[in-house]
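Undergrad: Questions regarding the structure given below will be posed in turn.
Taken together, the values in this text are just the output of simple stated rules run on the coordinates, not laboratory data. Computed from a prediction, not measured in an experiment: that's the story for all the values here. For neighbour counting, all protein chains shown are included, and Cβ atoms are generated from backbone atoms with ideal geometry for every residue, glycine included.
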Amino acid sequence: MEMINFFNEFLYAEYSNNRARYDIEISDDAFLEYEIKVKSFFHSYVQSILGYNRVNEFEDQESINISKIKLDRQRRRILYMVRVYNQYELGANLRSKVKTGTELYRFFVSNDTTYEGNEQTYISNSYFAAETDEGFKIIGVAYYYDETWWHSRSEIYHIHPGAKATEIIRLEEPIDEDSKKIYYSEEEMPIIDSSR
């Protein structure tokens, strides 16, 4: 499926960007190419709030040491499921800026970082994508935490899919038990608008 190929290309670009972000051997100028590439998968309206840039990763020796740990922990996300909707609601900000087609795709992926102990924050993420006035683009994100789906801090990302997916494509069974529940569930879980 073309949409799945699109998303797997995004996941590779995201993984490359995340590794480059914390790699002291990669200059800021070289890193910018990675950042531009990963942001190209998103609609231009949401690009401004993405966290794929470098922010003082190598400011001092402590920052460098932390970046080395973060680099080692990077993992490529695994796309494990896609849900397709023909009824959905965009938040007011998104609706006023982005024209979308009739179908909304929700891509469910694993975490992009491996942690030790109980440091892991989010088990799964999901990205929303649709045909837009700029082509097929990612237009939103939701995070799974404490058995609940949450929207990003920004209202730009707020999207509510319809009550029932028209199609569910299960690709690869997740490893952790909570993600398995999402994977096998036929029900939709509401997404809470969050200021987190």
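Undergrad: List the residues whose amide H sits under 5 Å from the amide H of Leu171, counting only those 5 or more places along or on another chain, with H placed 1.01 Å from N in the peptide plane.
TA: The list, which skips near neighbours in sequence, is Met81, Val82.
Undergrad: Turning to a different aspect of this structure: Going by average Cβ neighbours within 10 Å, how do the peptides 4-17, 175-188 rank, with the highest at the top?
TA: Numbers: 4-17: 17.4, 175-188: 12.9.
Ranking, from highest mean packing down: 4-17, 175-188.
Undergrad: Also: Divide by every residue of the chain the summed helix terms, -39500 (n - 2.57) for each DSSP H run of at least 4, and state the resulting mean residue ellipticity at 222 nm, rounded to the nearest 500 deg cm²/dmol.
TA: Numbers: 6 runs with 63 residues, N = 196.
The helix-only estimate for the chain comes to -9500 deg cm²/dmol at 222 nm.
Undergrad: What lysines sit close enough to Lys39 to cross-link, taking a C-alpha to C-alpha distance under 18 Å and skipping anything fewer than 8 places away on the same chain?
TA: Lys97, Lys137
Undergrad: Farthest toward the dipole's positive end in the chain, which of Phe31, Ile182, Met1, given Cβ charges of +1 (Lys, Arg) and -1 (Asp, Glu) about the Cα centre?
TA: With unit charges placed on the Cβ atoms, the residue in question is Met1.
Undergrad: Using θ = phi - 60° and the Karplus form 6.51 cos²θ - 1.76 cosθ + 1.60, what ³J(HN,Hα) does each residue of the range 131-140 get, whole Hz, x for Gly and Pro?
TA: 6, 10, 5, 10, x, 6, 9, 6, 10, x
Undergrad: Dipole magnitude of the chain about its Cα centre, charges +1 at Lys/Arg Cβ and -1 at Asp/Glu Cβ only, in debye to the nearest 20? Mind showing how you got there, number by number?
TA: Numbers: 23 positive and 35 negative charges, 81 e Å.
The calculation lands at about 380 debye.
Undergrad: Does anything in the range 18-33 have its amide N under 14 Å from the 7 Å Cα→Cβ label point of Lys68, and if so which residues?
TA: 23-25
Undergrad: Can you pull the semi-axes for the range 1-65, root of five times each eigenvalue of the Cα gyration tensor, sorted largest first, whole Å? Could you put the intermediate results ahead of the total?
TA: Details: eigenvalues 127, 33, 16 Å².
Working through the eigenvalues yields semi-axes of 25, 13, 9 Å.
Undergrad: Nearest 0.05, what FRET efficiency do Gln87 and Asp178 give at R0 = 30 Å with Cβ-Cβ as r?
TA: Working: r = 27 Å, r/R0 = 0.89.
The calculated FRET efficiency here is 0.65.
Undergrad: Based on the Kirkwood radius over alpha-carbon pairs, what is the Stokes-Einstein translational diffusion coefficient of the chain at 4 °C with 1.567 mPa s viscosity, in µm²/s? Show your work: numbers first, answer last.
TA: Details: Rh = 17.6 Å.
Rounded to a whole number, D works out at 74 µm²/s.
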